[in-house]
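K.L.:
The structure that follows is given in the form of structure tokens.
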Amino acid sequence: MSQTTLRRKFAAGLTALATAAGLVVGAPALVGAQATEQGSSASLGSAGSAGSAGSGDAPNAAPAFQPAAGNENPVGFRNWLRPGCSWDPVASWVQLCDVWSPAMNRHIKVQVQPARFGGNAGLYLLDGLRARDDWNAWTRDAQAQRIFLQDNITLVMPVGGQVSFYSDWDRPINLGGNLVEYKYETFLTRELPGYLNAHFGVRTDNNAIAGLSMGGSAAAMLAAKHRNQFKQVSVFSGYMNPTAPGMYTMIPLAMFDQCKCDPFAMWGLPGSPRWGEHDPLLNADKLRDIPMYITAGSAIPGQYDQPSSLQAVFNTFNGIILEGLSRGSTIAFQNTLNARPNQATFDYRTTGIHGWGYWNDDLIAARSAQILPVMNAFAW
């Protein structure tokens with residue numbers, strides 16, 4: 001490893017840890033703040049929301065989004081069920097589909113909202129570290145199906161994959177007494193595209209991808225590794241340098257806390273080459289010529305943060321630390337990316353911790369700033 005790479009990794013780690021450490025010192029003054037990661041799929045290590053944690057019906061979930069008025073199904077493309085699908089309770093034409101994965105030897109659930117005019121563009125939306133097995137939190141804790149209701153792009157929202165980083169793991173893991181194969185990169189890039197093309201008309205080479213926290217880091221790496229599939233990527237509060245000092249410890253601990261499984265079944269022991277293969281900062285050269293929309297909060301509680309219980313205060317404190325780490329790694333990634341020309345836009349919110357209200361707002365901003373223009377998916 002070159003001295004330049006070592007310095008870059010060390011600087012990224014110091015930035016992230018210093019950000020978090022500074023926030024810890026100031027935390028007592030923030031006791032009036034609210035629960036983080038409201039709802040079902042809290043990302044890197046949060047305990048969930050104050051109220052109905054894990055239910056998907058958190059008291060402070062993202063505000064409802066009201067799309068422009070108009071015929072939601074002008075060409076009759078949305079109102080018929082595709083093979084293996086049923087109507088999802090979230091409505092807005094979303095179908096819950098069982099898609100067979102030979103690599104994982106089981107059906108994987110995917111929530112799909114067809115494009116309004118039957119367009120061939122797709123947008124993959126990836127969940128957080130605590131992804132549930134019954135829905136993707138973009139449809140419950142955020143308002144993705146409402147945000148894109150009038151747009152000519154198909155939403156693709158894989159369900160499940162807790163702690164997976166949407167990657168192909170080195171070996172199977174024990175989840176709840178069952179030996180499970182994790183091959184999410186293979187599923188998302190080799191198996192699911194054919195199904196979407198055959199039944200929803202999504203071209204295999206005309207997709208955007210977005211995610212929060214764990215899903216944000218994964219979105220960046222999937223875009224870097226599969227340029228023939230993804231044309232635009234959005235990262236919200238992602239961990240953009242998982243090989244930085246401290247992250248080798250934090251990521252496995254957060255994973256084990258969620259799944260009680262072997263986190264090193266993913267990419268091997270800390271320091272192994274596969275960790276570097278999944279580090280966006282170390283793969284920045286592969287991302288310079290793809291439009292990227294990248295956000296991170298300040299880790300200062302904002303409009304969605306008003307705790308009403310001790311659990312909520314704890315969750316807020318946790319979210320402050322998580323967003324501090326995200327912001328530090330995002331700044332480090334920006335510094336590396338800006339060493340040469342690129343097509344990335346960085347948006348650093350002046351307030352906001354690790355929570356769904358902010359990620360919902362981020363998706364709204366990314367939609368108009370990059371996703372629809374790059375994908376040519378406007379309704380008209």
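The values are calculated or read from the model by the stated rules, or taken from the named source; none is laboratory data. Because the structure is a prediction, the values reported are computed rather than measured. Glycine also receives a Cβ, built like all others from the backbone with ideal geometry; neighbour counts cover every protein chain displayed. Calculation scope for accessible area: heavy atoms of the full protein, side chains included, ligands and nucleic acids excluded. Shrake-Rupley method; radii C 1.70, N 1.55, O 1.52, S 1.80 Å.
K.L.:
Of SER309, GLY328, ILE251, which is farthest towards the positive pole of the range 204-350's charge dipole, taken about the Cα centre with +1 and -1 on the beta-carbons of Lys, Arg and Asp, Glu respectively?
P.N.:
GLY328
K.L.:
From Cα pairs below 8 angstrom and at least 6 apart in sequence, can you work out the relative contact order of the range 85-375, rounded to a whole percent?
P.N.:
17
K.L.:
Students often forget the sequence filter, so: which lysines lie under 28 Å Cα-Cα from LYS286 once same-chain residues fewer than 8 apart are removed?
P.N.:
Here the lysines satisfying the reach criterion relative to LYS286 are LYS9, LYS183, LYS225, LYS231.
K.L.:
Also, quick follow-up: Considering only the other residues whose Cβ falls under 9 Å of the Cβ of GLU185, what net charge follows from Lys and Arg at +1 and Asp and Glu at -1?
P.N.:
+2
K.L.:
Still on this structure, please answer the following. Per the 1.4 Å probe, what fraction of the accessible area of the range 316-373, in percent, lies on carbon and sulfur atoms?
P.N.:
The computed percentage sits at 50.
K.L.:
Here's another thing I want to ask about it. Could you rank ARG78, ARG274, ARG130 by how accessible they are, 1.4 Å probe, largest area first?
P.N.:
On the way: ARG78 0, ARG274 55, ARG130 30 Å².
Output order, biggest surface exposure first: ARG274, ARG130, ARG78.
K.L.:
Can you give the charge dipole size of the range 85-375 about its Cα centre, rounded to the nearest 20 debye, using +1 on the beta carbon of Lys and Arg and -1 on the beta carbon of Asp and Glu?
P.N.:
Here the range 85-375 has a charge dipole of around 380 debye.
K.L.:
Here's something else I'd like to know. Using amide H atoms built in the peptide plane, which far-off residues or other-chain residues are under 5 Å from SER234 H to H?
P.N.:
Answer set, sorted by chain and number: ILE209, ALA210, GLY211, TYR293.
K.L.:
Taking loop as defined by DSSP and a crowding limit of 15 other beta carbons within 10 Å, which trypsin sites (Lys or Arg not before Pro) in the range 153-251 fit?
P.N.:
Qualifying residues, ordered by number: ARG203, ARG227.
K.L.:
Ignoring ligands, DNA and RNA, what accessible area per residue does the range 288-380 give at 1.4 Å, in Å²? Please list the in-between numbers first.
P.N.:
Details: 3550 Å² over 93 residues.
Heavy-atom accessible area per residue stands at 38 Å².
K.L.:
Could you compute how much accessible surface TRP80 exposes when probed at 1.4 Å, giving the result in Å² to the nearest 10?
P.N.:
Roll a 1.4 Å probe over it and TRP80 shows about 110 Å².
K.L.:
What is the local net charge at ARG327, summed over the other residues whose Cβ is closer than 14 Å to its Cβ (Lys, Arg +1; Asp, Glu -1)? Mind showing how you got there, number by number?
P.N.:
Values: positive: ARG349; negative: GLU323, ASP347, ASP362.
Value of the local net charge: -2.
K.L.:
I'd like to know which of MET157, LEU192, ALA103 lies farthest towards the positive end of the charge dipole of the range 85-375, counting +1 on Cβ of Lys and Arg and -1 on Cβ of Asp and Glu.
P.N.:
The residue sitting most towards the positive pole is LEU192.
K.L.:
What order do ASP133, ASP205 take when sorted by accessible area (1.4 Å probe), most exposed first?
P.N.:
On the way: ASP133 110, ASP205 65 Å².
Reading off the accessible areas and sorting them downward yields ASP133, ASP205.
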